[in-house]
Amino acid sequence: MSHLKRVSTQDALQPIASYSQAIDTGQLVFVSGHVGFDKETGKRPDDIKDETKILMDSIKAVLAAAGLEMSNICTATVFITDLDLFEDMNEVYKTYFDEPYPARATVKVPELLLDCRVEIQSIAMRPPS
């Protein structure tokens, strides 16, 4: 029997391929990369701040489904297609956290799914009981 549990919620963008929104190992929750694709309009917003808000809300919803909060994130990886958008993305990103901020890496990539400009994956940890 597997010790891995799939985390799923309708409050986040549904997987468009063979992956889970997140996997819960009991202590760690590995959140798949989320993009700011607006499921209401069927496209990504023109403003990178709106795009970032959608994806951060999606991550927040997945963590809530696992019984966690944004403060449980210990590391995040940001994939961004244009580093000139970094400051605007970061302006929104940082509103989801208090100090200490999660460890983070940012990687410039040529393109992302659904014509999105930013994708963020993260790892969250349950506090010791």
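The values are calculated or read from the model by the stated rules, or taken from the named source; none is laboratory data. Just so it is clear, the model here is predicted, and its values are computed rather than measured. All Cβ positions, even for glycine, are placed from backbone atoms using ideal geometry, and neighbour counts span all protein chains on display. These accessible areas exclude ligands, DNA and RNA; they are computed on the full protein's heavy atoms, side chains included. Shrake-Rupley method; radii C 1.70, N 1.55, O 1.52, S 1.80 Å.
Result for the chain in a Gaussian network model with C-alpha springs under 10 Å: among Val118, Val62, Val109, the largest mean-square fluctuation is at Val109. Scanning the chain for GluC sites (Glu not before Pro) lying in DSSP loops with no more than 16 further Cβ atoms inside 10 Å, the longest uninterrupted stretch between such sites is 70-110.
Using a cut-off of 18 Å between Cα atoms, the listed pairs Lys39/Lys60; Lys60/Lys94; Lys39/Lys108 include Lys39/Lys108 as exceeding that distance. Would you mind telling me the share, in percent, of accessible area of the chain contributed by carbon and sulfur at probe 1.4 angstrom? Roughly 51 percent, rounded to a whole number. Here's the picture: charge each Lys and Arg Cβ at +1 and each Asp and Glu Cβ at -1 in the chain, and of Gln10, Pro127, Thr81 the one pushed furthest to the positive end of that dipole is Pro127.
For the range 53-129, relative contact order (Cα pairs under 8 Å, six or more residues apart, normalised by length) works out to 45 percent. Among Ala65, Ala22, Ala105, the largest mean-square fluctuation in a Gaussian network model of the chain, built with springs joining Cα atoms closer than 10 Å, belongs to Ala105. If one computes the Cα centroid of the range 61-113 and of the range 11-26, what distance in Å separates the two points? Between the Cα centre of the range 61-113 and that of the range 11-26, the gap is 17 Å. A Gaussian network model of the chain, with springs between Cα atoms under 10 Å, assigns the largest mean-square fluctuation among Asp38, Asp24, Asp98 to Asp98. Taking the chain as the reference, fit the longest principal axis to its C-alpha atoms, fit the long axis of helix 48-65 to the helix C-alpha atoms, and give the angle between the two in degrees, 0 to 90, nearest 10. It is inclined by approximately 10 degrees. Using the Cα gyration tensor of the range 1-105, with a ≥ b ≥ c the square roots of its eigenvalues, what is the shape: rounded (a/c below 1.5), prolate (a/b larger than b/c) or oblate (neither)? Oblate shape, in that a/c is at least 1.5 and b/c is the bigger or equal ratio.
Taking every DSSP beta bridge that has both ends in the chain, the antiparallel portion is near 75%.
Ligands, DNA and RNA are left out, and with a 1.4 angstrom probe the accessible area of the chain is 59 Å² per residue.
A simple spin-label model places the labels of Thr106 and Thr75 1.9 nm from each other, with each point 7 Å out along Cα-to-Cβ. Loop-resident trypsin sites (Lys or Arg not before Pro) (DSSP state other than H, G, I, E or B) in the range 22-117 with no more than 16 further Cβ atoms inside 10 Å of their Cβ: Lys39. In this structure the amide hydrogen of Val29, modeled in the peptide plane, comes within under 5 Å of the amide hydrogens of Ala124, Met125, Arg126, none closer than 5 places in sequence on its chain. State whether the range 52-129 is rounded, prolate or oblate according to the following rule on the C-alpha gyration tensor (a ≥ b ≥ c being the square roots of its eigenvalues): a/c under 1.5 gives rounded; otherwise a/b larger than b/c gives prolate, and the remaining case gives oblate. Because a/c hits 1.5 or more and a/b exceeds b/c, the range 52-129 counts as prolate.
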